[in-house]
Structures are given as structure tokens and as C-alpha cells.
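Please read the structure below before turning to the comments.
The values are calculated or read from the model by the stated rules, or taken from the named source; none is laboratory data. All values derive from a computational prediction rather than experimental measurement. Cβ placement follows ideal geometry from the backbone for every residue including glycine, while neighbour counts extend to all protein chains displayed.
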């Protein structure tokens, strides 16, 4: 059974519950919600399959079967050469043909003028610009949804407290206030690049362009959005460090922040995110005997850490800012599907320019379920 046939069957089963749902049949409502979730998941699978098919179609295929190819005659012109290529394609089969540069046998072969370019070897590897490590997303938990919006509930404050009571006396009552709903909607991050036919025919280069340039740029924007969303979350703890504070005092403030995270959220801090400039000043702190607190240059830590807490060094965090948090347990990156890559040569005037537009996009959001599980320290500059 195809994906579309499976989808049709699910919709038919859901629609058959209409009268029972209208009659407020709890069992039918539950079954209908389950079927609707399956329908959305199946729709996403079909969409992904169609995108994959479109990409393959844009790149083009040429199918051959040995022994069934018609005889290709010698051509005397470029047009005849292209016609022969068309004849070589199997009837009813999809094909994408490019006639090679043609030179008739009767043409006189002469040595080209300006021979130097023909004697030069070119290295087609592109020397890339500096790359910022994409590390922020890995700090958080990860989850997927089938819709476009996520609503989660934040537990209300506890009222009252347990107590020790003696036999026959009234017991203590506790009550939790109503939970507060929090809504986050998926963001769509997109970008595209254009490549010429010449580069597209170089498959290793095409793969490196997608992996090394297109997806990197997408991940860079994703990282900046996650940092902005975290720092803009209402309810996270904040603290200030004076400009006059030494970096030994900064280290102590970070330890206090980790204790505040555990006290307020109930979860231990699992990461400290900071800028490379600040990590340098912390890592080079020295004792009165001029020895490094963290060990000398030849005794470097295998995993950067401060107070036993892993340190994430990244330019995604501004200098003089320190983010301490229980990232895995108090926040998660919510996504719908993965990163999709699509291509076409029919965008704008790509076809007449021998270009292909390659687009990448993803949908995600940051859900900070326990804002108290994060504390952001800011060191004043003046």
C-alpha cells in the first residue's frame, strides 16, 4: 500500500467517527485525535517524499539498459549529434541529455592562441572563510512535533507545606496553583544558493557546497536564534558582575550561579556557555606562586570545565556574558522534520543562464520549560 493510500485509509477511518464525536463519545474523540496525529505524520512523510522526488527530477536522470539501446550513428554536426543522443534514450523513460562539445572530423586542428591558460593547473577546492562551531543546539534536549505550535504547561506554585502531626490531629494540606500555559511556534529558517551547471556536474563539489556552505549558514542562523530566544525568555535568572571584579571573582560568581540554578529549579547545571575571550582570562588565572589554577599549558584539560561543570566556548555568546544552566533538563529544541534541501533550474531566469537554485530550510523552536534552570551573568565594561 502506497503512502497516499495509507493516508486515504486513515482519513476514511477518522471521518467514520464524525457522528460519534458530535455525540461527545469520549472513546471516539480519543480515537479521532490519535488518527489525526497519524494523518499529520503521514502527510509530512508524503511531503518529504515528494520533495525528494522533485530534487531528483531537478538534478535529472538518464536511465539505460544494456542491449536495448538503438544504434547511434556518426554525427556530422552538433545538431545531429544531439538528435542521436535523443534517439539513444529509451522510449517512455525520463532523461536529461547534454550534447558534448562537437567538432567535425573535417575541421582543421590548430594550436590555440594564448597557450598559457591551457598549461595551468587549477585547484578547484575553495578556501573557506572562518567557521564558528555550531555547538549551542547540542546543549539542549531534543524533541519533535507534528504540528506547527507547541503548548506546554508550567506547574504552579505550591501552597501550604507538609507537616509532622500527631495522632488524632488534623493533617497538613498542600495545593498546587493552576499551571500556566506557554506557547511556542515553530520558526522557519531558510536560505538558498545558486550554482552553475558546470559546478553541479561536479558531484563532489556539489555535495561540499551543500554540506559546507548551505547547511553551515543555516546552522549559524539557527544558533543565533536559539541564543536570542533563551536570553529573551521571561523568568530566567539574571545577575550582574561589576567591572572592577577580577576573573577569579567571576569564577566564584559562576559557581554561585550554578548553585542558584540547582536551588531554584531542582536540577544541577550541566553546562556553562561563554565567549572565547572570557574563557582565556579564566583559563590563565594564576596563583600567588605564578602557577595556573587550571594547570600549565602542557597539562590542558581533556574537556574544558569550570568547577567540574563542562564549558561550552563559543562566539555565539557575547563577551562579558556567562550563561549557566541545566540545559538538557530545563530546555529543548522542538523541530518538525529535519533540514530539507530542494533544487530547481526553473527559478527566475536560471534556465537561460544555466543556473540552479538550491534551497535549504528547517522549522524549529526553543521550549524553555523551566526558566529558573538558567542564570545569565553580565559583567559590566565600565
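If the requirement is being more than 29 Å from residue 363 (Cβ to Cβ), assigned by TED's automatic domain parsing to the domain that holds residue 188 and crowded, with 19+ Cβ neighbours inside 10 Å, which of these qualifies: 255, 306?
Working: 255 fails: crowded, with 19+ Cβ neighbours inside 10 Å.
Only one candidate qualifies: 306.
Among the numbered criteria (1) crowded, with 20+ Cβ neighbours inside 10 Å; (2) at positive phi, which one does residue 348 miss?
Residue 348 satisfies every listed condition except (1).
Does residue 374 count as in the same structural domain as residue 202 (by TED's automatic domain parsing) and at pLDDT 95 or above? Step through it out loud before you land on a result.
On the way: in the same structural domain as residue 202 (by TED's automatic domain parsing): yes; at pLDDT 95 or above: yes.
Spelling it out, residue 374 is indeed in the same structural domain as residue 202 (by TED's automatic domain parsing) and at pLDDT 95 or above.
Restricting attention to segment 319-345, report how many residues are farther than 30 Å from residue 247 by Cβ and either part of a strand (DSSP E or B) or in contact (Cβ under 8 Å) with a residue 60 or more places away in the chain (or both).
Filtering segment 319-345 down to residues farther than 30 Å from residue 247 by Cβ leaves 332-345.
Pick out the ones that are also either part of a strand (DSSP E or B) or in contact (Cβ under 8 Å) with a residue 60 or more places away in the chain (or both) and you get 332-337, 339-345.
So the count comes out to 13.
From the set of residues in segment 131-157 that are under 30 Å from residue 45 (Cβ atoms) and in a loop (DSSP other than H, G, I, E, B), which is modelled with the highest pLDDT? Show your work before the answer.
Just the residues of segment 131-157 that are under 30 Å from residue 45 (Cβ atoms), to begin with: 134, 136-153.
Within this subset, residues satisfying the condition of being in a loop (DSSP other than H, G, I, E, B) are 134, 140, 145-148.
On the way: 134: 85, 140: 95, 145: 89, 146: 88, 147: 88, 148: 89.
Across segment 131-157, the extreme among qualifying residues is 140.
Quick check: anything in segment 148-167 farther than 30 Å from residue 38 by Cβ and in contact with a helix residue (DSSP H, G or I) (Cβ under 7 Å, 6 or more places away or on another chain)?
The answer is no; no qualifying residue exists.
From the set of residues in segment 272-297 that are surrounded by fewer than 20 Cβ atoms within 10 Å (Cβ to Cβ) and part of a strand (DSSP E or B), which is modelled with the lowest pLDDT?
Checked segment 272-297; the qualifying residue modelled with the lowest pLDDT is 292.
So if I check each of 192, 205, which one is over 18 Å from residue 338 (Cα atoms) and in contact (Cβ under 8 Å) with a residue 12 or more places away in the chain?
Numbers: 192 fails: over 18 Å from residue 338 (Cα atoms).
The match here is 205.
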